[in-house]
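Below: one structure, written as structure tokens.
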């Protein structure tokens, strides 16, 4: 029997983010997911190395890779709409869950079980899920910084709002605070400044 899961997930590269914004460089869902995956992994490593936690950095990275996979089916809903009110927010969560179930149905049963705690939150990885969500916000902030660096003022308000969200997360999650202090400033540098 043939299964469509990986061919479907490979279509993340066709889903563009920030659809309502003028971008100097478009960002697709594959690129975003890679960034979230790397940042989530780093946040777990920071938690383990500095705060004595026992986080599964590899699992967090995998969650990050698939965290927005439902958008292959739903598309990328703009944040102002997705969070407009509680009714829309809850309805969209239901739609995302159904889309994730649809994706998992494209795997053989014996394999799909291994993806359950990647596509759906579980108590076993509760903190890792929080760090993936934080990595998602950090990735959005990085996109705003990169756009602003090119002179694109379209992302100014998005950067301000995302900054507030990330700062709140940094007060709750020490790993996010460390990442903001030690790694975030480098995203505003030019290539020559990075070398």
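The values are calculated or read from the model by the stated rules, or taken from the named source; none is laboratory data. On a predicted model such as this, the values are computed, not experimentally measured, just so you know. Positions of Cβ are generated from backbone atoms using ideal geometry, with glycine treated the same way; all protein chains shown enter the neighbour counts.
Okay, here's what the table says:
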read-out	value
Among residues of the stretch 11-27, those that are under 22 Å from residue 60 (Cβ atoms) and outside any loop (DSSP other than H, G, I, E, B), counted	1
Filter result (part of a helix (DSSP H, G or I) and either touching a helix residue (DSSP H, G or I) at 6+ places or on another chain (Cβ under 7 Å) or closer than 10 Å to residue 134 by Cα (or both)) within the stretch 169-179	169, 170, 174, 175, 176, 177, 178, 179
Selected residue (only one of 160, 193, 116 is within 19 Å of the chain's Cα centre (by Cα), farther than 21 Å from residue 33 by Cβ, assigned to a helix (DSSP H, G or I) and without any contact (Cβ under 8 Å) to a residue 24 or more places away in the chain)	160
Residue match in the stretch 106-113 (condition: under 15 Å from the mean Cα position of the chain (by Cα), surrounded by 11 or more Cβ atoms within 10 Å (Cβ to Cβ) and part of a helix (DSSP H, G or I))	no
Hey, residue 19 under 17 Å from the mean Cα position of the chain (by Cα), surrounded by fewer than 17 Cβ atoms within 10 Å (Cβ to Cβ) and more than 26 Å from residue 123 (Cβ to Cβ) or not	yes
Residue within the stretch 28-47 that is in contact with a strand residue (DSSP E or B) (Cβ under 6 Å, 6 or more places away or on another chain) and loosely packed, with under 14 Cβ neighbours inside 10 Å present	no
Any hit, the stretch 48-59, residues being under 15 Å from residue 119 (Cβ atoms), in a helix (DSSP H, G or I) and at pLDDT 95 or above	yes
Test: residue in the stretch 179-188 that is touching a residue at least 60 places away in the same chain (Cβ under 8 Å), closer than 15 Å to residue 38 by Cα, under 18 Å from the mean Cα position of the chain (by Cα) and surrounded by 14 or more Cβ atoms within 10 Å (Cβ to Cβ)	yes
Leading residue by the ranking (surrounded by the fewest Cβ atoms within 10 Å (Cβ to Cβ)) among those in the stretch 1-10 that are touching a residue at least 40 places away in the same chain (Cβ under 8 Å) and assigned to a loop (DSSP other than H, G, I, E, B)	1
Pairs with Cβ under 9 Å, 6+ apart, first in the stretch 63-90 and on the phi > 0 side of the Ramachandran plot, second part of a loop (DSSP other than H, G, I, E, B) and surrounded by 19 or more Cβ atoms within 10 Å (Cβ to Cβ)	75/15
Among (1) over 17 Å from the mean Cα position of the chain (by Cα); (2) within 27 Å of residue 59 (Cα to Cα); (3) surrounded by 13 or more Cβ atoms within 10 Å (Cβ to Cβ); (4) free of Cβ contacts under 8 Å to residues at least 40 places away in the same chain - the single one residue 94 does not satisfy	(3)
Complete set of residues in the stretch 63-97 that are under 21 Å from residue 27 (Cβ atoms), assigned to a helix (DSSP H, G or I) and modelled with pLDDT of 85 or more	63, 64, 65, 66, 71, 72, 73, 74, 96
